[in-house]
Amino acid sequence: MKPLTLSPYWMYPTVEKKPTRDGYGQALLELGENNPDVVVLTADLAESTRALPFGQKYPDRFVECGVAEQNMMGVAAGLALAGKIPFVSSYAVFSPGRNWDQLRVSVCYSKANVKIAGAHTGVSVGPDGATHQALEDLAITRALPGLIVVAPCDAEETRKCALAAAAHQGPVYFRFAREKTPVMTVKETPFELGKAYVCREGYDVTLVACGPLLHAALMAAEKLAARGIEAEVVNCHTLKPLDTKTLFASFKKTRCAVTVEEHQTTGGLFGAVAEACGRGFPIPLESVGMPDSFGESGDPDQLLAKFGMTQNHVVKSALNAIKRK
Amino acid sequence: MPSVMQMEKIANRIRQDIIKMLVAAGSGHSAGPLGMADVFTAVYFGGVANVDPKKRHHPNRDRVVLSNAHICPVLYATLAHRGYLPVSKLKTLRKLGSPLQGHSNNHFDIGIETSGGPLAQGISQAVGMAIAARMGTSSHVARRNVPVPATRDAGRGTAFHTWCLMGDGELDEGQCWEAFMLAGKMDLRELTVLIDRNNIQIDGTTEQVMPLENLKNKLEAFNWFVIEVDGHNMREVLDAMREAKARAANPTAIICHTIPGKGVDFMENKFEWHGKPPTPKEASIALKELRTLGGKIKSEHE
């Protein structure tokens, strides 16, 4: 397998940085232009979820629901059942956090074609503190039958994810982040819902990452290479359905793995990979993620360091995993 | 279209089927379904709501949403009598593999638009459907003159009305008022709700558990147009529905004052009958009362 194209600048400090939510805003404008069925809803967070430009350009297809996430999810389900393709835009702690029951029954059980965009995920939300840092959204969405769950790695991949979600018939949840993070992928990098891909080939350990922390995994692989350890890095943006084919192909070579995510290590990417390995391919697994804890206020970098989600933590976990082989 | 007298007879047969279904199921809700039999008959047989089992997929069909889905036996029985499913299916209520689940859902092609159970979810979906009707053909499409593919016109160019049936106990849920606020803000005349004001919920009367009055004033304060009717008077319900559909502004709430357990003497106005089915013995008493219209006529079975 040939590694896929990443930006040639991904490992340099000069790499372009953008918040992943910008990719969402961009995709909505593209969809507004090309797909008259697409409608956008928000609950008093139009600007910070980047839904606002769509609302300004297509006011007839924009529903400002006020601070009422439960109703927003139900309204989206009704719109979808009447033929529209609604995008529900809010912070992930509120949607799907606060309106999970509506997501479960009105959307998933009813098989309504709703797209849920969860903003401000991870501790890197920063100063707003624990209440606004979504760290459980992947677990609660992954548990719902029929829902596709995605954590794109950068602004470009978020854009592609939103476009792919619109093209898919059925509910999709995808998350993004507040801070500027490196844009590692390029326009040519392929994206398909449910399809993980190898960003860097190796044979000693597999680093399975989702979201902007893919960058930490790639940097960790460089550091490991300096020690003579070749890590394979997989961008596992879709947690459900999990691409076990790609993962197991990598595990067959490396025989151990580390998952990397900005989420509780319960029920997210580590949970998904551990479940799959338990069923089909048992290997030593280590996790980099939120260690069963709430976040707090601080700078994003400080918080990632405090809670153990930096490239150095990935290196350490990789060495542990290799030791356990 | 059936006459008012014919519709009253249909409602009576629906009540009998509700009793039979509940006994066969051995669980389920009695009072609400019996109390709403007249309103459901008005909605599905009255000719005001544009519903037809032969056009159950038509993009311009009116949408009927049951929000308090625990009263679904009355929905199932009404749909069966209207021709959406065979009446013989009714006895499969709550049985494994039956389309007639304990709470109604949209998985089977029997004319049910949404899935319900957790209260207040139906009203939000009804608001969404009404907004979709308002959006109709996208102005963007019209401007650019892009032809609309025939297979994807489910929500386009539509001229449909959405009717949402709700309970009164359900109104304790904050989500209802979120939905009412949005409909009020958008002046959503494409939407009418019919509220079953039967004054009971599981733990007691609504005014004991969580007072709703003055309900009319509350709704009006949310920019709704409110009509109060006797929910057992077919003509009043239909007149209110006609008025609601003809209005040029405001979403409309029709508060239907009903008697829970209506038609079965020992169930009427008893909150204890909210969530349980009759025993076979109680059912035979209930059926006899319904067949004889409370002793007014001799049962054909006697």
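Some notes on this structure:
Here's the yes/no breakdown for (1) more than 25 Å from A:ASP154 (Cα to Cα); (2) in a loop (DSSP other than H, G, I, E, B); (3) not assigned by TED's automatic domain parsing to the domain that holds A:ALA139:
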{"residue": "A:LYS245", "(1), (2), (3)": "no, no, yes"}
{"residue": "A:PHE248", "(1), (2), (3)": "no, no, yes"}
{"residue": "A:LYS252", "(1), (2), (3)": "yes, no, yes"}
{"residue": "A:THR259", "(1), (2), (3)": "no, no, yes"}
{"residue": "A:GLU262", "(1), (2), (3)": "no, no, yes"}
{"residue": "A:PHE270", "(1), (2), (3)": "no, no, yes"}
{"residue": "A:GLY298", "(1), (2), (3)": "no, yes, yes"}
{"residue": "A:MET309", "(1), (2), (3)": "no, yes, yes"}
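- Residue that is nearest to the other protein chains (Cβ to nearest Cβ), among those in the range A:42-63 that are surrounded by fewer than 18 Cβ atoms within 10 Å (Cβ to Cβ) and touching a helix residue (DSSP H, G or I) at 6+ places or on another chain (Cβ under 8 Å): A:ASP60
- Hits in the range A:64-102 (condition: surrounded by fewer than 21 Cβ atoms within 10 Å (Cβ to Cβ) and facing another protein chain (nearest Cβ under 8 Å)): A:GLY66, A:GLY83, A:ASP101
- Qualifying residue in the range A:253-273 (condition: out of contact with any strand residue (DSSP E or B) (no Cβ under 9 Å at 6 or more places or on another chain) and of a type in the set (Asp, Glu)): no
- Out of A:LEU103, A:LEU79, A:LEU144, one residue alone is of a type outside the set (D, E, K, R), within 27 Å of B:LEU66 (Cβ to Cβ) and in a loop (DSSP other than H, G, I, E, B). It is A:LEU144.
- Qualifying helices (runs of 4 or more DSSP H) (wholly inside the range B:23-111; at least 1 residues being polar (S, T, N, Q)): B:37-45, B:72-82
- Filter result for the condition that a residue is away from chain A (no Cβ under 14 Å), under 23 Å from B:PHE160 (Cα atoms) and touching a residue at least 40 places away in the same chain (Cβ under 8 Å), over B:GLY111, B:GLY47: B:GLY47
- In the range B:85-105, residue farthest from the other protein chains (Cβ to nearest Cβ) [restricted to those that are surrounded by fewer than 24 Cβ atoms within 10 Å (Cβ to Cβ) and under 15 Å from the mean Cα position of the chain (by Cα)]: B:HIS103
- Considering residues of the range A:103-120 that are of a type in the set (Lys, Arg) and within 10 Å of chain B (Cβ to nearest Cβ) only, the residue nearest to A:LEU144 (Cα to Cα): A:ARG104
- Number of residues in the range A:225-263 that are in contact with a Leu (Cβ under 9 Å, 6 or more places away or on another chain), crowded, with 22+ Cβ neighbours inside 10 Å and of a type outside the set (D, E, K, R): the value is 13.
- Taking first residues from the range B:121-137 that are more than 7 Å from chain A (Cβ to nearest Cβ) and partners that are basic (Lys, Arg) and not in a helix (DSSP H, G or I), the Cβ contacts under 7 Å between residues at least 6 apart in sequence or on separate chains come to B:GLY136/B:ARG156; B:THR137/B:ARG156.
- Hey, A:GLY202 within 16 Å of A:GLN311 (Cβ to Cβ), assigned to a loop (DSSP other than H, G, I, E, B) and assigned by TED's automatic domain parsing to the domain that holds A:PRO284 or not: yes
- Breaking point among (1) crowded, with 24+ Cβ neighbours inside 10 Å; (2) within 10 Å of chain B (Cβ to nearest Cβ); (3) in a helix (DSSP H, G or I), for A:VAL39: (3)
- Top-ranked residue in the range B:165-205 [being among the hydrophobic types (A, V, I, L, M, F, W, C) and part of a loop (DSSP other than H, G, I, E, B); ranked as surrounded by the fewest Cβ atoms within 10 Å (Cβ to Cβ)]: B:ILE202
- Residue in the range B:139-155 that is at pLDDT 50 or above, assigned to a loop (DSSP other than H, G, I, E, B) and within 10 Å of another protein chain (Cβ to nearest Cβ) present: no
- Which numbered condition A:TRP10 misses (of (1) in contact with a strand residue (DSSP E or B) (Cβ under 8 Å, 6 or more places away or on another chain); (2) within 30 Å of B:MET129 (Cα to Cα); (3) surrounded by fewer than 21 Cβ atoms within 10 Å (Cβ to Cβ)): (2)
The values are calculated or read from the model by the stated rules, or taken from the named source; none is laboratory data. Model, not experiment: these values are computed from the prediction. Counting neighbours? That spans all protein chains shown, and the Cβs are built from the backbone with ideal geometry, glycine included.
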